[in-house]
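Single-structure report; data block below.
The values are calculated or read from the model by the stated rules, or taken from the named source; none is laboratory data. Everything quoted here is computed from the prediction, not taken from an experiment. In this analysis, Cβ positions are derived from the backbone assuming ideal geometry, glycine residues included, and neighbour counts consider all displayed protein chains.
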Amino acid sequence: MLVLKQYQLCGRCLARQADVIDGKSAEKCFICRGLMDSLDTIVDRVVKAIKPYEFQTMLVGATLPTQVYEREDALRARLKIRGRESVKSQLTREVGLRLARKTGKKVDYRRPDVIINLTIDKEGNTAVLATARPVAFEGRYVKKARGLPQKQDRCPMCQGKGCPLCDYSGISGYDSVEGILVQQAMAKTGGQTPRISWIGSEDQNSLVLGSGRLFYIRISDPKKRRLKRLPGRDGVSARITRILDDIPDFQQRFAVKTRILVKSDRQFSIQDIRKLRSLAGSEVKFENKKTVTKKIYAVHAKRVSKDEIALTITADGGLPIKQFVGGEEYMDPNISKLLESRCQCVSFDILAVDFQ
Ligand SMILES: [Zn+2]
Ligand SMILES: [Zn+2]
């Protein structure tokens with residue numbers, strides 16, 4: 001190990017090469033050029049960068065200039081030193097240890113809440129970047145006022161990726177159910193570029209009642225990972241039922257209970273009500289690239305005026321309600337054909353959405 005003394009090394013860089021050391025630590029280190037002596041400064045900056053985050057676990061990563069590795073490799077090749085810790089892993093390990101001591105949070109290599117990246121340039125300047133693992137929420141929303149569409153257009157500038165124009169929401173505005181949920185979920189978590197997935201869809205003039213429609217929202221880089229409810233506005237509000245890592249793959253079938261206001265160009269009779277009730281148990285077939293079949297499980301029909309019926313049906317999700325009433329497109333059975341009159345869907349409201 002005497003040869004090791006030919007090199008000017010700092011205490012840490014020396015300790016990485018050999019277990020027994022009787023050297024003095026050098027002012028100007030051959031390998032790290034002082035980087036390992038600036039750990040306290042780096043840790044202080046990381047503490048500042050992670051301050052906005054609520055988290056339990058973290059992981060520190062680093063990118064060092066290639067020259068640092070080259071110098072250590074050259075020294076090790078010459079002195080035949082093998083199988084020792086690298087400069088990078090010592091750096092990230094020691095920063096992790098100090099952070100854990102300072103913050104009380106744990107280092108987790110498998111699934112950290114926050115990833116801290118240190119990028120060190122040739123001059124030894126360190127850039128600190130903290131990013132949180134995305135979080136997803138399962139929730140149900142209700143819509144108690146008519147008028148807002150369910151979905152929002154993508155941001156015309158970034159098409160959903162997130163950019164300064166859309167405040168990293170990825171959408172064109174906040175005047176829809178999606179817009180309200182996205183805006184409030186972003187505000188409450190401090191995250192960005194949310195993605196929403198819905199179970200089923202509704203019309204601009206539909207209400208969503210009962211326990212509400214199931215949806216999932218995923219948020220990137222959240223500062224807070226917990227969410228209980230979105231207070232909403234304009235009649236829309238949501239409660240969060242589960243916190244997840246990501247939006248699940250759902251191929252699950254679901255049934256929707258829908259209340260439809262049907263208007264006819266003639267008076268409704270008691271026979272019409274009977275015919276409508278006979279739809280229970282039947283299957284509706286229609287073309288959507290291929291033939292699709294949706295089952296109707298239950299029907300409740302009630303005359304509300306001479307030419308209007310309130311029809312409540314429970315059917316497989318994805319039954320196009322307006323076409324089912326109007327019968328404009330090939331759909332069998334459909335209400336206009338069944339009643340031999342021109343019927344139209346005045347409005348429809350979602351009363352319940354449930355998995356089967
Ligand atoms: Zn050093
Ligand atoms: Zn954008």
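Observations, loosely collected:
- Filter result (over 20 Å from VAL107 (Cα atoms) and within 16 Å of ligand 1 (Cβ to nearest atom)) within segment 73-86: ASP73, ALA74, LEU75, ARG76, LEU79, ILE81, ARG84
Here is a yes/no grid of residues against (1) farther than 14 Å from ASN125 by Cβ; (2) within 16 Å of ligand 1 (Cβ to nearest atom); (3) not polar (S, T, N, Q):
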| position | (1), (2), (3) |
| --- | --- |
| CYS29 | yes, yes, yes |
| LEU35 | no, yes, yes |
| ASP40 | yes, yes, yes |
| ASP44 | yes, no, yes |
| VAL47 | yes, no, yes |
| GLU54 | yes, no, yes |
| THR57 | yes, no, no |
| THR63 | no, no, no |
| ARG71 | yes, yes, yes |
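- Selection from segment 292-314 of residues that are under 41 Å from the mean Cα position of the chain (by Cα), within 25 Å of LYS144 (Cα to Cα) and among the β-branched types (Val, Ile, Thr): VAL299, ILE309, THR312, ILE313, THR314
- Considering LYS151, LYS122, the condition of being of a type in the set (Lys, Arg) and within 16 Å of ligand 1 (Cβ to nearest atom) is satisfied by LYS122 alone.
- The residue list GLY190, GLY210 contains one member that is in contact (Cβ under 8 Å) with a residue 40 or more places away in the chain and more than 14 Å from GLY139 (Cα to Cα), which is GLY190.
- From LEU64, LEU99, residue being hydrophobic (A, V, I, L, M, F, W, C), under 29 Å from the mean Cα position of the chain (by Cα) and within 26 Å of ALA132 (Cα to Cα): LEU99
- When each of ASP234, ASP265, ASP245 is tested for being loosely packed, with under 13 Cβ neighbours inside 10 Å, over 23 Å from the mean Cα position of the chain (by Cα) and not basic (Lys, Arg), the lone residue that passes is ASP265.
- Those strands (runs of 3 or more DSSP E) lying entirely in segment 118-208 with at least 1 residues closer than 30 Å to THR57 by Cα, in the same structural domain as ARG93 (by TED's automatic domain parsing) and at pLDDT below 95: 126-132
- Sole exception among (1) under 30 Å from ARG111 (Cβ atoms); (2) over 30 Å from the mean Cα position of the chain (by Cα); (3) of a type outside the set (Ser, Thr, Tyr) for LYS289, by number: (1)
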